[in-house]
Amino acid sequence: MNDDPSSSISGRADISALSGLTFDFDLMDNSLGEAVFVRPVIEAAVAGALTVTVARVHVPMELSVRVVDNAESRKLNHDYRGKDKPTNVLSFPGVEPDDLFDSFDFSEAGGPPVMLGDLIIAGPVVVAEAQDQNKQVHHHLAHLCVHGVLHLMGFDHIEEEDAEEMEALEREILASLGINDPYVIPD
């Protein structure tokens, strides 16, 4: 990606509107492009997902996103999920979903920040999937970030009803960023 991918994301959600968020970003793999182009896409997706799912955006919370190569993704996927292959996004919640809103209450009352968790994105997998699905790479990246944040917030897609709810939220958030339905594969 040589041009600025964030320029095509309309109505970008602004991460600075999440006044309580401490956001850490590490670009360990350059297959998605330079940090100056990749970070705004990830920030917009994260902001969009958190704005929809976290009612109290002023509460101190922390989130980390790390873009890695296939080797690191494969190792983490193997170690934590028992799957010996790289994957597009891994979500590591900092708080059990059932305890998340109690953590927000505690943080709001002066306790420590809510540790939302970590997203690990395999840059080469994102690029390959986008090409295979005839999607813009930065749109696919935004979708995977939204998907990962929703997992951190306790959403799941194991059961069909839960998957439908999660996919509807993904569509809504991505539409607010000017990104088409990620579940419709363009010709």
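If you go through region 175-186 one residue at a time, do you hit one that is free of Cβ contacts under 8 Å to residues at least 24 places away in the same chain and touching a helix residue (DSSP H, G or I) at 6+ places or on another chain (Cβ under 9 Å)? Yes, that holds for at least one residue. Is it true that residue 141 is outside any helix (DSSP H, G or I), in contact (Cβ under 8 Å) with a residue 60 or more places away in the chain and closer than 19 Å to residue 44 by Cα? Judged against the criteria, residue 141 is not a match. In the condition set (1) crowded, with 17+ Cβ neighbours inside 10 Å; (2) closer than 19 Å to residue 54 by Cβ; (3) touching a Pro at 6+ places or on another chain (Cβ under 8 Å), residue 154 is compliant with all but (1). Where strands (runs of 3 or more DSSP E) fall wholly inside region 13-114, the ranges with 3 or more residues that are under 28 Å from residue 133 (Cα atoms) and not acidic (Asp, Glu) are 61-68, 89-93. For region 114-137, filtering for residues that are on the phi < 0 side of the Ramachandran plot and out of contact with any strand residue (DSSP E or B) (no Cβ under 7 Å at 6 or more places or on another chain) leaves 13.
Scanning region 90-127 for residues that are aliphatic (A, V, I, L, M) and more than 18 Å from the chain's Cα centre (by Cα) turns up just one, 109. The single condition among (1) touching a helix residue (DSSP H, G or I) at 6+ places or on another chain (Cβ under 8 Å); (2) at pLDDT 95 or above; (3) closer than 27 Å to residue 41 by Cα that residue 133 does not satisfy is (2). Applying the criterion of being in contact with a helix residue (DSSP H, G or I) (Cβ under 9 Å, 6 or more places away or on another chain) and among the basic types (Lys, Arg) to the residues of region 53-109, the residue that is surrounded by the most Cβ atoms within 10 Å (Cβ to Cβ) is 66.
The values are calculated or read from the model by the stated rules, or taken from the named source; none is laboratory data. What you are looking at is a predicted structure, and each value in this text was computed from that prediction instead of being measured. In this analysis, Cβ positions are derived from the backbone assuming ideal geometry, glycine residues included, and neighbour counts consider all displayed protein chains.
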